[in-house]
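J.: There's a structure below that I have some questions on.
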Amino acid sequence: QRIAYCVDLSTSMQNLPPHKLKKIIDLMRDSLTFLEPHDSFNIVAFSTELVVYKENFVPVTDETVAASSNYLADIQPQIHTKGTDHDMLTALTAIAETSPTLVVLFSDGIPTTIEGPDLTLVGQYAIGNGHIFAMGIGMSPNFPGAVMLKRLATVSQGDLWLVDRGK
């Protein structure tokens, strides 16, 4: 597997309590320990810019898993006064260029445009990203962001996990 871990650190995430972000990051860090030696992975964080952890997918070794886990532990939402945030859809477009077989996406699903995307077209952003396993926290299944995340997961034959639903 080529796994892309994708973390939303955009402006809309500023209201997420730090312990909730930590819970999601800890789930991602824990999942690194389940990767197998024939897998590879990378981490992409997005806000006003897309920040890619490594230029290419990283092979799974004890050292790369430990370093990546430490990198995730230090990740924080960024407060920006200039520029427009990237949302999960623009991040998925960029990630698709690397042809992952699996994407683990954490986002609140809130688009950066006022009108928001056409929900009937959201599934097109799954193309080229393998299976998308989306995670949201503190949202109900009918929250617009959860609906978008579910659509991406369904189209890609992945899944949606809502952690601390509605809390």
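The values are calculated or read from the model by the stated rules, or taken from the named source; none is laboratory data. Being a predicted model, the structure only gives us computed values, none of them experimental. The protein model used for the area step is the full one, side chains on, heavy atoms only, and it has no ligands, DNA or RNA in it. Shrake-Rupley method; radii C 1.70, N 1.55, O 1.52, S 1.80 Å.
J.: So what is Rg over Rh here for segment 1-65, counting just Cα atoms and using Kirkwood for Rh? Before the final figure, lay out each step's value.
T.: Numbers: Rg = 12.9 Å, Rh = 12.8 Å.
For segment 1-65, the value is 1.01.
J.: Still on this model: Give the dimensionless ratio obtained when the Cα radius of gyration of segment 40-79 is divided by 2.2 N^0.38 Å. Walk me through the numbers before you get to the answer.
T.: Numbers: Rg = 10.9 Å, N = 40, 2.2 N^0.38 = 8.9 Å.
Relative to the rule-of-thumb radius for its length, segment 40-79 sits at 1.22.
J.: Under a 10 Å cutoff between Cα atoms, tell me which one of TYR53, TYR125, TYR71 has the largest fluctuation in the Gaussian network model of the chain.
T.: TYR71
J.: Amide H of HIS131: which non-local residues (sequence gap of 5 or more, or other chain) have their own amide H closer than 5 Å, using H built in the peptide plane?
T.: Placed amide hydrogens put LEU102, VAL103 under 5 Å from HIS131.
J.: Something else now. Quick one: which residues, 5 or more positions from TRP161 or on another chain, have an amide H under 5 Å from its amide H? H modelled 1.01 Å from N in the peptide plane, none for Pro or chain starts.
T.: ALA134, MET135, GLY136
J.: How much area per residue is accessible in the chain when the probe is 1.4 Å and only protein heavy atoms are counted (Å²)? Mind showing how you got there, number by number?
T.: Details: 8700 Å² over 167 residues.
For the chain, the solvent-accessible area averages 52 Å² per residue.
J.: When the accessible area of the chain is split by element with a 1.4 Å probe, what percent falls to carbon and sulfur?
T.: On the way: 4830 of 8700 Å².
The computed percentage sits at 56.
J.: Just LEU72, LEU27, LEU152 to compare: in a GNM of the chain, with alpha carbon springs under 10 Å, which one fluctuates most?
T.: Of LEU72, LEU27, LEU152, the Gaussian network model singles out LEU27 as fluctuating most.
J.: Right, next: If amide H atoms are built 1.01 Å from N in the plane of the peptide, which residues on other chains or at least 5 residues away come under 5 Å of the amide H of VAL60?
T.: Hits under the 5 Å cutoff: ASP39.
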